[in-house]
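Comments concern the structure below.
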Number of protein chains: 2
Amino acid sequence: MQPRITCITLGYRDFDRARRFYEALGWSGRSPDDEVVFIQAGPQVLALWDRAKLAADSTVSDAGGWGGVTLAHNVRSPAEVDAVLAEAEAAGGTVGRPGAPTEWGGYSGVFIDPDGHPWEVAHNPGWPLDESGAVTLP
Amino acid sequence: MQPRITCITLGYRDFDRARRFYEALGWSGRSPDDEVVFIQAGPQVLALWDRAKLAADSTVSDAGGWGGVTLAHNVRSPAEVDAVLAEAEAAGGTVGRPGAPTEWGGYSGVFIDPDGHPWEVAHNPGWPLDESGAVTLP
């Protein structure tokens, strides 16, 4: 099994709200059926799908809240962390913690999307991003 | 906010078990402190971290089970779906559903890692993978 994650699906409870939120961030996708949205996110796909259907398809029970997965969006400067958090808040997200220096020598904050999915927005000087946005571990 | 997910962190309850499971799949990483593991997964990082610390860092309450996020690992053939599911089961995962044709014209199955995180393993003829494993939406 090669180390690759080709698609990440986030379950939503309100299709229009979820789609509008990511569109407002500039994450536009296509929806073949007004139920699922596929967004090209670099070399992978971010999908938005009905949470109950995702649970059934994933053969799991839904605990109803957060379940131990957090996504991160690394950027190139502390100022960009603050800008992305402001953008997410303006789009209808909630800032869980504002941008601040971290104990690991970077700068990060968290926003939470309208369905409760948290995103860490981070600048990590030890994880350089190339032009395409790819991260390579040192 | 550019469409990019640079890191996905999965919360674990047992460090050694989580690390061994992903290592058995060939997903080796480095751990600076025997608490977090960073695995290079294509152009991004898969991190394994203590679930309670991840919840606190993500400013969320932990519902304790699945929380509306499913990862997918797309492969190049139905046979490869079956092979990956067998590999995951041998490593200590649980097959939630075996490989089978899907209504969207592909072939997929699900395994669940030792901490309850589901992975869909899929062959989607409409989502070709390039040599690096990147998916491009049609």
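The values are calculated or read from the model by the stated rules, or taken from the named source; none is laboratory data. It should be emphasised that the depicted structure is a prediction, and the values quoted were computed from it without experimental measurement. Because the Cβ atoms are built from the backbone with ideal geometry, glycine has one as well, and the counts that use them run over all protein chains shown. All accessible areas refer to the heavy atoms of the entire protein, side chains included, with ligands and DNA or RNA removed. Shrake-Rupley method; radii C 1.70, N 1.55, O 1.52, S 1.80 Å.
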Here the longest stretch of chain A that holds no GluC sites (Glu not before Pro) in a DSSP loop having at most 14 other beta carbon atoms within 10 Å is A:36-102
Treating only Lys and Arg (+1) and Asp and Glu (-1) as charged, each at its beta carbon, one finds that the stretch A:30-85 has a dipole about its Cα centre, in Debye to the nearest 20, of 180 debye
Using the heavy atoms of the protein chains and a 1.4 angstrom probe, tell me the accessible area per residue for the stretch A:1-62 in square angstrom. 41 Å²
Before rounding to the nearest 500, sum -39500 (n - 2.57) across all DSSP H runs of length at least 4 in chain B and divide by the residue total; then give [θ] at 222 nm in deg cm²/dmol. -6500 deg cm²/dmol
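Within 10 Å of each Cβ in B:32-41, how many Cβ atoms from other chains are there, averaged over the peptide?
2
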Of the residues B:29, B:92, B:67, which exhibits the maximal mean-square fluctuation in a Gaussian network model of chain B defined by a 10 Å Cα contact cut-off? B:67
Which log10 I(q)/I(0) values, to two decimals, does the protein assembly as shown give at q = 0.07, 0.10, 0.16, 0.17 Å⁻¹ under the Debye formula with one point per Cα? -0.22, -0.46, -1.35, -1.57
Considering only DSSP beta bridges with both partners in the protein assembly as shown, what is the antiparallel share in %, to the nearest 5? 65 percent
Relative to the Cα centre, what is the charge dipole magnitude of the protein assembly as shown, using +1 at the beta carbon of each Lys and Arg, -1 at the beta carbon of each Asp and Glu, and rounding to the nearest 20 debye? 0 debye
List the trypsin sites (Lys or Arg not before Pro) within the stretch A:25-95 that fall in a DSSP loop (any state other than H, G, I, E or B) and whose Cβ has at most 12 other Cβ atoms within 10 Å. A:76
Rounded to the nearest Å, what's the spacing between the alpha carbon centres of the stretch A:24-79 and the stretch B:20-81? Just the number, please. 15 Å
Restricting everything to alpha-carbon atoms, can you work out Rg to Rh for the stretch A:19-72 with a Kirkwood hydrodynamic radius? 0.98
Report, for chain B, the % of DSSP beta bridges that are antiparallel, rounded to 5. 65 percent
So what is log10(I(q)/I(0)) for the stretch A:16-129 at q = 0.18 1/Å, when the Debye sum runs over its Cα atoms only? -1.00
Carbon-plus-sulfur fraction of the accessible area of the stretch A:1-58, 1.4 Å probe, in percent? 47 percent
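Counting only DSSP beta bridges with both residues in the stretch B:1-55, what percent are antiparallel, rounded to the nearest 5?
50 percent
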Along the Cα→Cβ direction, 7 angstrom out, place labels at residue B:35 and residue B:97. What is the inter-label distance in nm? 3.9 nm
For the pair residue B:137 and residue A:131, how long in nm is the line joining their label points, each one 7 Å along Cα→Cβ? 2.4 nm
Rounded to two decimals, what is Rg over Rh for the stretch A:59-104 when you use alpha-carbon atoms and the Kirkwood radius? 1.08
